[in-house]
Each structure stands twice: as C-alpha cells, then as structure tokens.
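Down below is the structure, laid out as structure tokens.
The values are calculated or read from the model by the stated rules, or taken from the named source; none is laboratory data. Here the structure is a predicted model, which is why all the values come from computation and not from measurement. Positions of Cβ are backbone-derived with ideal geometry, glycine not excepted, and every protein chain shown enters the neighbour counts.
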Amino acid sequence: MANPEAAVRVLYDVFPFTRATGKDETTAVREDVHVLGARIPQLKLEPAGVRRWGETNEAHLREYIDFLLKWGVLKQRVEAGDLMTNELIGEIKSLRCRCDRENGAGVPAALALVGSAVTDSRTPASRRRR
C-alpha cells in the first residue's frame, strides 16, 4: 500500500466512529497505521494461493477441515470441494461494479484494506467528525 496514513485518515473521515477515543489524532493515526501494517501482508492474494479477491484456496480449506476434525469440531470428514466454488467470483465482481455505477456507492480501496466491517460509505454527515 502506497500511503497507509492516508488510508487511515480516509477511514476516519468516512467512518469517524473507527477512531479510538481518548487519544489525540496523531497518536490514533500512528497506532492505526501500525495495525494496518501488520494486516497488509495477510491481505495479499499470493500467500493465500488465489488469483482474485473472494476466491477460496481448496487446499487451505482441506487443511482447515483437518484442523476441525482433529479438535472434534467436525465429527466426520467433509470434502472441501463440496463446500466451496470459485466459479461465481467473476460474476460477483461484475455485479458489485454494476451496483456501484447505479448507486454511486462503493467503499474506497483504502477502507477495504483497513478491514472495516462497515460497507456503506454514505455515512450521514451528522456522524462525521470534522
């Protein structure tokens, strides 16, 4: 990511409730940039063995199923291929792009990288911190 500090500041602007209370802005930004720096490596596609956002790596899912079996969360083996498909990822992306064009909505990439669970970028002005 080229500018993690800008990403954090965009996050605060669009979703002001994500900024920690009881800290001055400089401290809050510095700490959230540190958190973002720790998350970025986990957000890259290559280590996950996938080519596109939203894809599932079948081998990794098999490993997870093995983990769940080992610890008794699952009682019997389930085939990873029966639980997932990557066939619809292209369609999902085109649907998202179409919705963004029609609604003028969308979360800036910087916000997605921060890991915000909130997806509506049209936060009411009354909730924005200036």
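I want to confirm something. Restricting to segment 37-58 and keeping residues that are among the aliphatic types (A, V, I, L, M) and in contact (Cβ under 8 Å) with a residue 40 or more places away in the chain, which single residue is farthest from Ala7 (Cα to Cα)?
Only one residue tops the list, namely Leu43.
Could you please find all residues in segment 1-15 being exposed (fewer than 13 other Cβ atoms within 10 Å of the Cβ) and within 30 Å of His60 (Cα to Cα)?
Ala2
Look through segment 29-58, keep the residues that are among the hydrophobic types (A, V, I, L, M, F, W, C) and touching a helix residue (DSSP H, G or I) at 6+ places or on another chain (Cβ under 8 Å), and return whichever of them is nearest to Ile89 (Cα to Cα).
Trp53
From (1) modelled with pLDDT of 85 or more; (2) in a loop (DSSP other than H, G, I, E, B), pick out the condition that doesn't hold for Met1.
(1)
Which fully enclosed helices (runs of 4 or more DSSP H) of segment 16-84 have 3 or more residues being within 24 Å of the chain's Cα centre (by Cα), loosely packed, with under 11 Cβ neighbours inside 10 Å and modelled with pLDDT under 95?
Filter on segment 16-84 gives 25-43.
When both residues are 6+ apart or on different chains and their Cβ atoms are under 9 Å apart, which pairs have a first residue that lies in segment 59-86 and is closer than 17 Å to Gly49 by Cβ and aromatic (Phe, Trp, Tyr), and a second that is modelled with pLDDT of 95 or more and part of a helix (DSSP H, G or I)?
Filtered contacts from segment 59-86: Tyr64/Ala80.
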